[in-house]
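The values are calculated or read from the model by the stated rules, or taken from the named source; none is laboratory data. Note that the coordinates shown come from a computational prediction; the quantities given were computed from them, not determined experimentally. When we count neighbours, we look across all protein chains shown, and the Cβ atoms used for this are built from the backbone with ideal geometry, even at glycine.
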Amino acid sequence: MKVALAMIAMLGLGACASDSGPDGGVASYDALKSAHDKCATQGGKLVLKDQGNARDISAYACRRT
């Protein structure tokens, strides 16, 4: 029983560790809005990188305008 509980706990913690952000790295509306606002305060424009996957938030970059 203890082994089963330990395995469940480790799997749960592993899922948390593999998460790459609050949205799991997905370019959701909220993630894009947050990245856009942060970029705009730095004087830039949020753009999709060349060959980037539009569904992945890491595929976007802040470029100076």
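Filter region 9-34 for residues that are within 10 Å of the chain's Cα centre (by Cα) and modelled with pLDDT of 90 or more; which is nearest to R63 (Cα to Cα)?
Going residue by residue through region 9-34, those that are within 10 Å of the chain's Cα centre (by Cα) are 19-28, 31-32.
From what is left, the residues that are modelled with pLDDT of 90 or more are 25-28, 31-32.
Working: G25: 20, V26: 20, A27: 17, S28: 20, A31: 17, L32: 14 Å.
Ranking the candidates gives L32 first.
Contact list please: Cβ distance under 6 Å, first residue in region 40-65 and over 20 Å from G24 (Cα atoms), second residue assigned to a loop (DSSP other than H, G, I, E, B), pairs at least six apart or on different chains.
K45/T65
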